[in-house]
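Participant: Okay, here's the structure, questions in a sec.
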Amino acid sequence: QKYGYFHCKDCKTRWESAYVWCISGSNKVYFKQLCRKCQKGFNPYRVEAIQCQICSKTRCSCPQKKRHIDLKRPHRQELCGRCKGKRLSCDNTYSFKYIV
């Protein structure tokens with residue numbers, strides 16, 4: 001699981017997601033995500049490991065983080081190529097919550 005940056009070239013929407021699934025040891029993406037406006041599927045234009053940008057660890061106790069990720073925000077299952085139409089969502093199986 002990695003963090004990805006997305007850009008829809010059609011409607012110029014940008015978004016980020018902590019639910020990007022890659023082949024282990026690589027940045028090759030398994031599942032696309034749908035743009036919330038035009039519903040077209042995209043791979044991220046950039047992926048990175050989910051880690052603190054201050055100390056570069058996957059688990060840290062830094063008091064302040066550079067990027068805010070709201071763990072209470074629900075995963076948009078209807079836009080996710082991995083769990084769309086499935087009973088269990090990505091955030092219920094394996095997720096960012098268990099990494100940080």
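The values are calculated or read from the model by the stated rules, or taken from the named source; none is laboratory data. Bear in mind that the values here come from a model prediction, so they are computed numbers and not experimental data. Cβ atoms come from the backbone with ideal geometry, glycine included; neighbour counts cover every protein chain shown. Keep in mind that these areas ignore ligands, DNA and RNA; they rest on the heavy atoms of the full protein, side chains included. Shrake-Rupley method; radii C 1.70, N 1.55, O 1.52, S 1.80 Å.
Participant: So, THR58, is that one more than 14 Å from the chain's Cα centre (by Cα) and at pLDDT 85 or above or not?
Facilitator: Numbers: more than 14 Å from the chain's Cα centre (by Cα): yes; at pLDDT 85 or above: no.
No, not satisfied.
Participant: May I pose another question? Could you please find all residues in the stretch 1-18 being of a type in the set (Asp, Glu) and farther than 10 Å from CYS35 by Cα? First the steps, then the outcome.
Facilitator: Just the residues of the stretch 1-18 that are of a type in the set (Asp, Glu), to begin with: 10, 16.
GLU16, the sole residue that qualifies.
Participant: Only one of (1) of a type in the set (Val, Ile, Thr); (2) at pLDDT 80 or above; (3) touching a Cys at 6+ places or on another chain (Cβ under 6 Å) is not met by ILE23, so which one is it?
Facilitator: (3)
Participant: Please verify whether the stretch 63-76 includes one or more residues that are at pLDDT 75 or above, over 16 Å from the mean Cα position of the chain (by Cα), surrounded by fewer than 16 Cβ atoms within 10 Å (Cβ to Cβ) and in a loop (DSSP other than H, G, I, E, B). Don't jump to the end; show me each part of the working.
Facilitator: If we filter the stretch 63-76 for residues that are at pLDDT 75 or above, which is where we start, we get 75-76.
In the following step, the residues that additionally are over 16 Å from the mean Cα position of the chain (by Cα) were identified as none.
Checked the stretch 63-76: no residue is at pLDDT 75 or above, over 16 Å from the mean Cα position of the chain (by Cα), surrounded by fewer than 16 Cβ atoms within 10 Å (Cβ to Cβ) and in a loop (DSSP other than H, G, I, E, B).
Participant: The conditions are (1) assigned to a loop (DSSP other than H, G, I, E, B); (2) open to solvent by less than 90 Å² (accessible area, probe 1.4 Å); (3) closer than 20 Å to CYS83 by Cβ, and SER26 fails exactly one of them. Which is it?
Facilitator: It fails just one condition, (3).
Participant: If I go through the stretch 10-23 residue by residue, how many of them are in contact (Cβ under 8 Å) with a residue 12 or more places away in the chain, in a loop (DSSP other than H, G, I, E, B) and open to solvent by 40 Å² or more (accessible area, probe 1.4 Å)? Don't jump to the end; show me each part of the working.
Facilitator: Step one: filter the stretch 10-23 for residues in contact (Cβ under 8 Å) with a residue 12 or more places away in the chain, giving 10-11, 13, 15-22.
Imposing the further condition that a residue be in a loop (DSSP other than H, G, I, E, B) reduces the set to 10-11, 13, 21.
Among the residues that remain, those that are also open to solvent by 40 Å² or more (accessible area, probe 1.4 Å) are: 10-11.
Within the stretch 10-23, residues that are in contact (Cβ under 8 Å) with a residue 12 or more places away in the chain, in a loop (DSSP other than H, G, I, E, B) and open to solvent by 40 Å² or more (accessible area, probe 1.4 Å) number 2.
Participant: To continue, here is another question. Mind telling me which of the residues LYS40, LYS57, LYS32 ends up being open to solvent by 90 Å² or more (accessible area, probe 1.4 Å), over 13 Å from CYS80 (Cβ atoms) and out of contact with any Asp or Glu (no Cβ under 7 Å at 6 or more places or on another chain)?
Facilitator: Working: LYS40 fails: out of contact with any Asp or Glu (no Cβ under 7 Å at 6 or more places or on another chain); LYS32 fails: over 13 Å from CYS80 (Cβ atoms).
LYS57 is the lone residue from the list that is open to solvent by 90 Å² or more (accessible area, probe 1.4 Å), over 13 Å from CYS80 (Cβ atoms) and out of contact with any Asp or Glu (no Cβ under 7 Å at 6 or more places or on another chain).
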